[in-house]
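What follows is calculated from the coordinates using simple rules that are stated; it is not laboratory data. Treat the numbers as computed from the prediction; the structure is a model and nothing was measured. Here the Cβ is made from the backbone with ideal geometry for all residues, glycine too, and neighbour counts use every protein chain on show.
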Amino acid sequence: MRRFIDLHTHSTASDGMLPPEQLLALAEAKRLAAVALTDHDTTAGLAAARRAASRYPKLCFVPGIEVSALFPQGTLHILGLDIDEGNRRLQGMLSDLRGLRNDRNPRILARLRELGVDLRMEDVLAVAGRDPKAGAGGESIISRVHMAEALRRKGYVRSRQEAFDKYIGSGAPAYVEKDRMPPGEIISAILAAGGVAALAHPPQLKYGNLAEFERILRGLIHCGLNCLEVYHSEHSQTQTREYLRLARKYKLEVSGGSDFHGSPKAEVRLGRPRVPLAALSGQLGQRLSAHP
Ligand code: AMP
Ligand code: MN
Ligand code: MN
Ligand code: MN
């Protein structure tokens, strides 16, 4: 009986390193009971992931998404889990978000050029393993992570981190703000697509104390949020315990995952931290228990 799950991962459809097929093969090798693919702003990897999963009868595949929301300080990411990716409203929103990226990416490259850094879109596409002739359109996304790696490969920086610090991180000279949507809009699109809407990695909100976090959480619940990512590779044990308590207090579903990108961050491994299948309830719990 498989007992552990990972409901937060990325593939080459966004800024992950492994194609969906390889991600699913790794989840099977780790004997996970379930894995969700939650790429940023795109469902382009879900079909291939589902096909791969059909070869592993003991592995339950959960289609997902991760979207960045407007938030004054810190980072607010919403996960959509168990979504119907055929939903038109959801796809309309994701297509708008990719449009915003496609407007922003050339502006970052233009800023870099002003700084004397010659980084071309074709360099960035090559890092992402995309066909340069196809351009940056399509349903897979290009993120700053790809640019950071391209800057490293061209010798402008020694590491991706240096690329963020020196050029493209928030506050650095080639940083360009990305337009984001209010959390309520994202949550309702996920709910409309039959999904569970989870607040991802709460510490990235950079809240001052737990009382402040609880206020933010209540606001999101008011917008329809129904799940909390209790387990995540960046959470301390104390944080996990607090989030579990708050999930119970507010009757939120529990989710959790590694946020595996596969794997320049070597410390982030698929299936870690261990998320017990038994932690799931509600829609996610039903979805998993319906799996043969
Ligand atoms: P994007 O969605 O294109 O804005 O890229 C966001 C991603 O870039 C995040 O998910 C992080 O992986 C990475 N990132 C953003 N800021 C930094 C930073 N200051 N240092 C390292 N990585 C960063
Ligand atoms: Mn990412
Ligand atoms: Mn995130
Ligand atoms: Mn993520």
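Summary table
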{"quantity": "Magnitude of the charge dipole, the stretch 2-81, Cβ model with Lys/Arg +1 and Asp/Glu -1, debye to 20", "calculated": "560 debye"}
{"quantity": "Residue 153/residue 206 FRET efficiency (R0 30 Å; Cβ-Cβ; nearest 0.05)", "calculated": "0.45"}
{"quantity": "Choice from 239, 161, 73 showing the highest fluctuation, given a GNM over the chain with Cα pairs closer than 10 Å", "calculated": "73"}
{"quantity": "Segments 79-90, 189-200 sorted - mean Cβ within 10 Å per residue, highest first", "calculated": "189-200, 79-90"}
{"quantity": "Surrounding net charge for residue 39, when Lys and Arg each add one and Asp and Glu each subtract one, Cβ distance under 9 Å", "calculated": "-3"}
{"quantity": "Burial ordering of 152, 158, fewest other beta-carbon atoms within 10 Å first", "calculated": "158, 152"}
{"quantity": "Gyration tensor (alpha-carbon) shape descriptor, the stretch 218-292, a/c threshold 1.5", "calculated": "oblate"}
{"quantity": "In degrees, nearest ten, helix 144-153 long axis to first principal axis of the chain (Cα)", "calculated": "50 degrees"}
{"quantity": "Peptide ranges 58-68, 228-238 listed from the most packed, as the mean C-beta count within 10 angstrom indicates", "calculated": "58-68, 228-238"}
{"quantity": "Unit charges on C-beta of K, R, D, E only; dipole of the chain, Debye", "calculated": "600 debye"}
{"quantity": "Protection proxy ranking of 100-110, 140-150 - average other beta-carbon atoms within 10 Å, highest first", "calculated": "140-150, 100-110"}
